[in-house]
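Comments concern the structure below.
The values are calculated or read from the model by the stated rules, or taken from the named source; none is laboratory data. It should be emphasised that the depicted structure is a prediction, and the values quoted were computed from it without experimental measurement. Please note: Cβ atoms are built from the backbone with ideal geometry, for glycine as well, and neighbour counts cover all protein chains shown.
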Amino acid sequence: MIDFAELSKYFVLVVVVACLIVGYILKTSFESFPNKYIPTVLAFVGLVLNLAVSGLTIENAVYGALMGLASTGMHQAFTRFVEGQTEEK
């Protein structure tokens, strides 16, 4: 079973918020930038930022990339919530 208390010590709010901002800028300001590459860019941005904030370890690199990817999912969930869209089946 996953212990979320254990995972929360690796969660860095600053990294997630920064990734959300970068993703928003890529999506809204650069129309020529393909949306399909945004998660990859955010994974890399999260990796680099978390290494800068938390130190140079493999764990921090992996958790940083995961935070970047999580910010993509958070953006999608928030957008759907605000626009009132539901998942079509």
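Is at least one residue of region 58-69 modelled with pLDDT of 85 or more, over 12 Å from the mean Cα position of the chain (by Cα), crowded, with 16+ Cβ neighbours inside 10 Å and not acidic (Asp, Glu)?
Looking for residues that are modelled with pLDDT of 85 or more, over 12 Å from the mean Cα position of the chain (by Cα), crowded, with 16+ Cβ neighbours inside 10 Å and not acidic (Asp, Glu), one finds at least one in region 58-69, hence yes.
Take region 10-35 and flag every residue that is under 17 Å from ALA65 (Cβ atoms) and either touching a Leu at 6+ places or on another chain (Cβ under 9 Å) or basic (Lys, Arg) (or both).
Residues satisfying the conditions are TYR10, VAL12, VAL14, VAL15, ALA18, CYS19, LEU20, VAL22, GLY23, LEU26.
Name the one entry in THR72, THR79 that is modelled with pLDDT under 90 and buried (at least 16 other Cβ atoms within 10 Å of the Cβ).
Being modelled with pLDDT under 90 and buried (at least 16 other Cβ atoms within 10 Å of the Cβ) holds for just one of THR72, THR79, which is THR72.
Of (1) at pLDDT 95 or above; (2) surrounded by fewer than 10 Cβ atoms within 10 Å (Cβ to Cβ), GLY84 satisfies all except one. Which?
(1)
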